Amino acid sequence: MTKTLGLIHTSATLVPVFQELTDKYLAGKDIKVFNIADDSLIKNTIERGKLTPDTSRRVVGHVASAEEAGADYILVTCSSIGPAVEMAANLVKIPVLRVDQPMADKAVQMGKKIGVVATLSTTLEPTSDLVRRRAIVAGKDIELTSKLCEGAFDALMGGKPEIHDEKVAAALKELSQEVDVILLAQASMARVVDQLSEEDKKVPIITSPELAVQYLAEVL
């Protein structure tokens, strides 16, 4: 029986990223995929410095729309709106997954000292909070270190990706001295990992998109 997966994005640029991942990990499964993209969600969150009630309501609306469109399962691909995703999950009859939950669960399994890196405070806090709560669910004591790469996001948006990459790389190298595993709170940071030397990758560095789709491959 065909299943339908609804993907909700805060940027249209994420559509091809997740298309590639679903093609790879859901191949051979009878699954249809559709996308809803609304970049105002992340823009409003960044401008206001936090996830606001009106933005949360629109997230809930998109999740409800995806259910009405026939989705059997929903994945929301942005970490910054994670709390609204959990709220929405309680208001629909189908499973709703926030993109960073499988990553948080994996990190909790991998070590006691966990590092979270982000270029936006609006993403750092929700992801750090999720890791703490998933550790409680797993019954594990953890030590969490959160690191914000100040100015990196602005550099990326300002057309200076090399400055973004330098700031993220420096944070990863520093944090790798202190923790057992590092989580990247934003998928946009993943390319920096490929630029690091093997010597600098002292601990595992994990990202959310691939782990989320791998999780879907197990449950769908």
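The values are calculated or read from the model by the stated rules, or taken from the named source; none is laboratory data. None of the values given here were measured: they were computed from a predicted structure. When we count neighbours, we look across all protein chains shown, and the Cβ atoms used for this are built from the backbone with ideal geometry, even at glycine. Protein only, heavy atoms only, side chains kept; ligands, DNA and RNA dropped before computing areas. Shrake-Rupley method; radii C 1.70, N 1.55, O 1.52, S 1.80 Å.
Listed values, structure above:
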{"quantity": "Placed amide H near I8: partners under 5 Å, 5+ positions off or other chain", "calculated": "I36, L75, V76, T77"}
{"quantity": "Set K50/K201; K24/K147; K112/K173; K43/K201 screened for pairs whose C-alpha atoms are more than 22 Å apart", "calculated": "K50/K201; K24/K147; K43/K201"}
{"quantity": "Crossing angle, helix 121-138 versus the chain [Cα axis fit, 0-90 degrees, rounded to tens]", "calculated": "80"}
{"quantity": "Global geometry of the stretch 123-220, whether rounded, prolate or oblate, following the gyration tensor of its Cα atoms and the 1.5 cut on a/c", "calculated": "prolate"}
{"quantity": "Summed side-chain charge close to D154 - residues other than D154 whose Cβ falls under 12 Å, Lys, Arg +1, Asp, Glu -1", "calculated": "+1"}
{"quantity": "Linear extension gain, R48 paired with A138, 0.36 nm per residue minus alpha-carbon span", "calculated": "29.1 nm"}
{"quantity": "Cα gyration tensor, the stretch 38-148 - rounded (a/c under 1.5), prolate or oblate", "calculated": "oblate"}
{"quantity": "Most mobile of I206, I142, I182 in a GNM of the chain (Cα contacts under 10 Å)", "calculated": "I142"}
{"quantity": "Carbon and sulfur %, accessible surface of the chain computed with the full protein complex present, 1.4 Å", "calculated": "50"}
{"quantity": "Neighbour net charge for E86 - beta-carbon separation under 10 angstrom, K R +1, D E -1", "calculated": "+2"}
{"quantity": "Helical mean residue ellipticity (222 nm; -39500 (n - 2.57) per DSSP H run of 4+; nearest 500) of the chain", "calculated": "-15500 deg cm²/dmol"}
{"quantity": "Residues of the chain: accessible area per residue with a 1.4 Å probe, Å²", "calculated": "47"}
{"quantity": "Percent of C-alpha pairs per 10 Å bin, the stretch 111-168, short to long", "calculated": "24, 41, 24, 11, 1"}
{"quantity": "Sum of side-chain charges, A27 neighbourhood, beta-carbon under 15 Å (Lys, Arg +1; Asp, Glu -1)", "calculated": "-1"}
{"quantity": "Debye intensity ratio in log₁₀ form over the Cα atoms of the stretch 1-82, taken at each q of 0.11, 0.13, 0.21, 0.26 Å⁻¹", "calculated": "-0.31, -0.42, -0.95, -1.27"}
{"quantity": "Residue among Q186, Q101, Q177 with the largest mean-square fluctuation in a Gaussian network model of the chain, springs linking Cα atoms under 10 Å", "calculated": "Q177"}
{"quantity": "C-alpha long axis of helix 14-25 to longest principal axis of the chain, angle in °", "calculated": "80"}
{"quantity": "Label point distance in nm, D72-L91, each placed 7 Å from Cα along Cα→Cβ", "calculated": "2.6"}
{"quantity": "Normalised per residue, the volume of the convex hull around the Cα set of the chain (Å³)", "calculated": "119"}
{"quantity": "With Cα atoms, 0 to 90° folded angle of helix 161-175 axis to the chain main axis", "calculated": "70"}
